[in-house]
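What follows draws every value from the coordinates through simple rules; no lab data is involved. None of these values were measured; they are calculated from a predicted model. No Cβ is skipped: glycine too gets one built from the backbone with ideal geometry, and neighbour counts run over all protein chains shown.
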Amino acid sequence: MIIETRIRGVNELRAYKQSIGKTATLTWKGRRIKCTIIEVVGKVVRLNHDDAQMVDEVHSKLQNKEQVAELIRFNKKTSKKRENKLASDMEGKRHALSGALWWKKGDVSDAHFLWEDKFTSNTYYTLSLKILDKIKKEALAVGKIPILRIGFMPKNENFVVLQSQYCAVAPNNIITQKYTTSSHKLSIFHLLRIYYKSTRTLLEIILNDNKFIVIPWDTFLEIKDKIVKGEKI
């Protein structure tokens, strides 16, 4: 059977054109169905297939590819924008390819810190020792303090995570939460509740005996010089 269907979007059009003459075997409701793309005319594609329902499956796959491509473009654009702003705020430099070059690790560096910048569209971020250990190793290799900055996009809030050893905080100014796991879901709502009550209190998170301080971005900017000098916060 030959049918025609309209193409939606430039990426979908490109994908159809690249697939002309090709035969794909896909699963549809438990059945294996072959579909051949015959030609593309304007915004219409003609297909030869055994089942009209196949068109919905083809559209779905192409639309998913387009959505993934759009998400990747958005994340790259957002990441570059955040890194440039971070470099400007810290009077540092943004690293090409977000630290993918072996001689220039991390996203941003300044005179004292090596930064890894992460962001999420969720209301939580999974803080893991794997990422924190990676940042620590890269920072110590260049004689800098390792820092992870986390951006919660829904609330437009940023927090800094660094090892407790770099923060001389009075015991009565710390709220400690200990976990016997190598990762923990850090909730933006939980963080906002803690720092809404007191800007002098800092949250310490312990993951498998590894201690980290979580600091709101504005607070970090105020105390960063004390951190560098090792002064009490």
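Residues in region 187-202 that are assigned to a loop (DSSP other than H, G, I, E, B), in contact (Cβ under 8 Å) with a residue 24 or more places away in the chain and in contact with a strand residue (DSSP E or B) (Cβ under 9 Å, 6 or more places away or on another chain): 1 in all.
Filtered by the rule that a residue be closer than 25 Å to ASP225 by Cα and part of a strand (DSSP E or B), region 110-126 gives PHE113, LEU114, TRP115, GLU116, ASP117, LYS118, PHE119. Scanning region 203-233 for residues being out of contact with any helix residue (DSSP H, G or I) (no Cβ under 8 Å at 6 or more places or on another chain), assigned to a helix (DSSP H, G or I) and among the aliphatic types (A, V, I, L, M) gives a total of 2.
Only one entry in ILE131, ILE135, ILE227, ILE215 is surrounded by 15 or more Cβ atoms within 10 Å (Cβ to Cβ), under 21 Å from ASP107 (Cα atoms) and more than 25 Å from the chain's Cα centre (by Cα), namely ILE227. Does ILE175 satisfy the criteria of being touching a Ser or Thr at 6+ places or on another chain (Cβ under 8 Å), closer than 23 Å to ILE233 by Cβ and in a strand (DSSP E or B)? Yes; evaluated as a whole, the condition is true for this residue.
ASN156 meets the conditions (1) touching a residue at least 24 places away in the same chain (Cβ under 8 Å); (2) farther than 23 Å from ASP225 by Cα; (3) of a type outside the set (D, E, K, R) in every case but one. The failed one is (1).
Among residues of region 207-233 that are farther than 25 Å from LYS178 by Cα, those with a beta-carbon under 6 Å from a residue that is surrounded by 15 or more Cβ atoms within 10 Å (Cβ to Cβ) at least six positions away or on a different chain give the pairs LYS226/ILE233; VAL228/HIS112.
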